[in-house]
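Student: Sharing a structure with you now.
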Amino acid sequence: MAKIDILGVRHAYDLTTPTATSPVLVFVHGWLLSRRYWQPLTDRLAPNYQCLTYDLRGFGDSQSDGGGYTGPSETLNSCYTPAAYARDLEILLEKLDISCAWLVGHSLGGTIALWGASKLSDRVKGVVCMNAGGGIYLKEEFERFRAVGKQLVKMRPGWLSHLPLADFVFGRDSVARSIGRSWGRQRLRDFVRAHPEAALGALLDSTTEPEIHLLPQIVSQLKQPVYFIAGTKDKIMEPKYVLHLASFHWMFQGCGENVLQLPDCGHLAMVEQPDAVASYLQNILKEHT
């Protein structure tokens, strides 16, 4: 693990050995997770592609030492938006001198990746969104989702990580089949460790009605190729919402040419079915290089 300063916050990242193949694959994790969930994929892809994983501000090992975020958006209402996180990503790529990248984003990370592609058309050559979709604002459902999310943020005492069978529960949450207690422990650690301001801010700032309605506009304007991976048993981001957002991109062509649905897969495709996801990514990259 290395660390780099981005707008006053030390960001943790891992960068694999350079290869003869371009581009660099940049992985963006989802809400209450960390860069570690990408390891099953980077283990498979690193022999052929350089891979960058990093922790979003306020999650995993990217925690403020005190001063906190010092970027242009100073308030809680704006500094945890997908656009603000995309700005962090832009600075990270600049500092690491990565000029040719494909972004792979999971869940909230998919939204951030789409924003990043919009802002960085010269650096970002394509996007793969995993368990990410949306663009439809259902008022009651979003209010319920936000209320549950707020309660999750509040109920994260440190002792939770020592509760018997907690790792068992986290290993089964939001997935089609158990991903094992070791991954359950990792999810539990990330859940407890996330900074409360970032956890709450990222949840609220990414699920407002204007943000939800803006996302299809961003997708429709992207010139780069954009692909979507959906789990058929994903209850957090159901395939119909993935297909809806994908339909705004020029590659959709009326029947979902840019969408892959993974059978018997929940919301953590990169951990649940890493072989299938890695194969899909390799095929995409071969097609566009």
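The values are calculated or read from the model by the stated rules, or taken from the named source; none is laboratory data. Here the structure is a predicted model, which means the values were calculated and not measured. Neighbour counts are summed over all protein chains in view; Cβ atoms, including those assigned to glycine, are modelled from backbone coordinates with ideal geometry. When the accessible area is computed, the model is the full protein with side chains, heavy atoms only, and any ligands, DNA or RNA have been set aside. Shrake-Rupley method; radii C 1.70, N 1.55, O 1.52, S 1.80 Å.
Student: What's the total number of residues in segment 35-55 that are buried (at least 23 other Cβ atoms within 10 Å of the Cβ) and either in contact with a Phe, Trp or Tyr (Cβ under 6 Å, 6 or more places away or on another chain) or without any contact (Cβ under 8 Å) to a residue 24 or more places away in the chain (or both)?
Tutor: Qualifying residue count, segment 35-55: 4.
Student: Among the candidates Gly126, Gly149, Gly110, Gly134, single out the residue that is at pLDDT below 85 and either under 17 Å from Ile218 (Cα atoms) or open to solvent by less than 40 Å² (accessible area, probe 1.4 Å) (or both).
Tutor: Values: Gly126 fails: at pLDDT below 85; Gly110 fails: at pLDDT below 85; Gly134 fails: at pLDDT below 85.
Exactly one residue qualifies, and that residue is Gly149.
Student: While we're looking at this one, here's another question. Got a number for residues in segment 82-123 being out of contact with any helix residue (DSSP H, G or I) (no Cβ under 8 Å at 6 or more places or on another chain), among the charged types (D, E, K, R) and in a loop (DSSP other than H, G, I, E, B)?
Tutor: Number of matching residues: 2.
Student: Restricting the first residue to segment 104-131 and requiring it to be without any contact (Cβ under 8 Å) to a residue 24 or more places away in the chain, which pairs with a second residue that is among the hydroxyl-bearing types (Ser, Thr, Tyr) and in a loop (DSSP other than H, G, I, E, B) meet a Cβ separation below 8 Å and a spacing of at least six or different chains?
Tutor: Asp122/Ser99
Student: When residues of segment 188-212 are filtered for being outside any loop (DSSP other than H, G, I, E, B), in contact (Cβ under 8 Å) with a residue 12 or more places away in the chain and open to solvent by 30 Å² or more (accessible area, probe 1.4 Å), how many remain?
Tutor: Residues that pass the stated criteria total 9.
Student: Another question, then. Sort out which residues of segment 213-254 are open to solvent by 60 Å² or more (accessible area, probe 1.4 Å) and either part of a strand (DSSP E or B) or among the basic types (Lys, Arg) (or both), and write them in order of number.
Tutor: Lys223, Lys233, Lys235, Lys240
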